[in-house]
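Since every read-out is calculated from the coordinates, none of them should be taken as a lab result. The structure presented is a predicted model; accordingly, all values stated were derived computationally and were not measured. A quick note on method: Cβ atoms are made from the backbone with ideal geometry, for glycine too, and the neighbour counts reach across all protein chains shown.
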Amino acid sequence: MRGRFITFEGGEGTGKSTHAATLAARLKALGIGVHLTREPGGSVGAEIIRHVLLSGVAKPLGPEAEAILFAAARDDHLNFAIRPALKRGAWVVCDRFADSTRVYQGVAGNVDLRTIAALERIVVGDTRPDLTFILDVPAEQAMQRAAERRGKGGADRFENEALHFHEKLRDGFLMLAASEAERCVLIDATASKEDVAAQIWRAVEERFHPATAPVLLDNTGS
């Protein structure tokens, strides 16, 4: 039986990594096999491309080239991590997926959405999320959070963008949530961490009834 595929989306500093890990831990506590992963990255080849993208080395090539690199990383991630995990019945919880390319490169980067859709059709195919959480925080507040999170570390390729870019990202994710309401659940991530986690768990319970899911002995997902 194919596992469930749950993704977390949103701009920088919205809490995606934190809440993906929290959800994965709660599912594991029920005996559900979970593979916690991220994009770009999540497999050996994709992690190499992640470094290229987030270092900013590819930025001079333009957003179209970045979209292609993200697609290449996603292809490796799907083939060597996500699809095998789903096939063995694990639930995949992923920090970012194809929606980020739609918004970052498509909406904010002005790459033709037909190009984005074609890349998604070729790479993702029918391996699409069953449920996507879109964590929403006003752009200025989100950037403050991102700065606090990295401390003295340097900002990555996308954190370095101006506030206007991050406002466009927020608008793009809000449009996505409205246009695909059956799949996407919009979460006000300005609430407390506990409240956000409770909203996420409530949505997972309503959709998938995890307490009745079969126990998967291989519960060692990353």
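For a quick check: sort I48, I82 by the number of other beta carbons within 10 angstrom, fewest at the front. Let's see the in-between values first.
Numbers: I48 13, I82 24.
So the residues, fewest neighbours to most, are I48, I82.
Given R₀ = 30 Å, what would the calculated FRET efficiency be for E64 paired with A155, taking r from the Cβ atoms and rounding to 0.05?
Result of the calculation: an efficiency of 0.85.
If I take R0 = 35 Å and measure r between the Cβ atoms of E167 and N79 in this structure, what FRET efficiency does the formula 1/(1 + (r/R0)^6) give, to the nearest 0.05?
0.50
For the pair A29/R2, report the inter-label distance in nm, with labels modelled 7 Å from Cα in the Cβ direction.
Going from the A29 label point to the R2 one covers 2.9 nm.
Say R0 is 22 Å: what FRET efficiency, to the nearest 0.05, do R114 and S179 get from their beta-carbon distance? Numbers along the way, then the final one.
On the way: r = 16 Å, r/R0 = 0.73.
Step by step, r from the Cβ atoms, then E = 0.85.
Within 13 Å, Cβ to Cβ, of L30, how many net charges do the neighbouring residues add up to if Lys/Arg are +1 and Asp/Glu are -1?
That sum, taken over residues with Cβ under 13 Å, equals +2.
Please identify every one of the GluC sites (Glu not before Pro) in segment 138-222 that sits in a loop by DSSP and has no more than 15 other beta carbons within 10 Å of its own beta carbon.
E180, E182
Between A117, A191, A24, where does the largest GNM mean-square fluctuation fall for the chain, given springs only between Cα atoms within less than 10 Å?
A191
What do you get for Rg/Rh of the chain when both radii come from the Cα atoms and Rh is the Kirkwood radius?
Numbers: Rg = 16.7 Å, Rh = 17.6 Å.
Dividing the radius of gyration by the Kirkwood radius yields 0.94.
Sequence neighbours fewer than 8 away in the same chain don't count; with that in mind, list the lysines whose C-alpha is under 26 Å from K193.
K16, K28, K152, K168
How much length is gained on full extension from R121 to T212, taking 0.36 nm per residue of separation minus their Cα-Cα distance?
Taking R121 through T212 to full extension adds about 29.5 nm, to one decimal.
Net charge around E39, counting only other residues with Cβ within less than 9 Å of its Cβ (Lys, Arg = +1; Asp, Glu = -1)?
On the way: positive: R38, R50, R74, R96; negative: D95.
Summing Lys/Arg as +1 and Asp/Glu as -1 gives +3.
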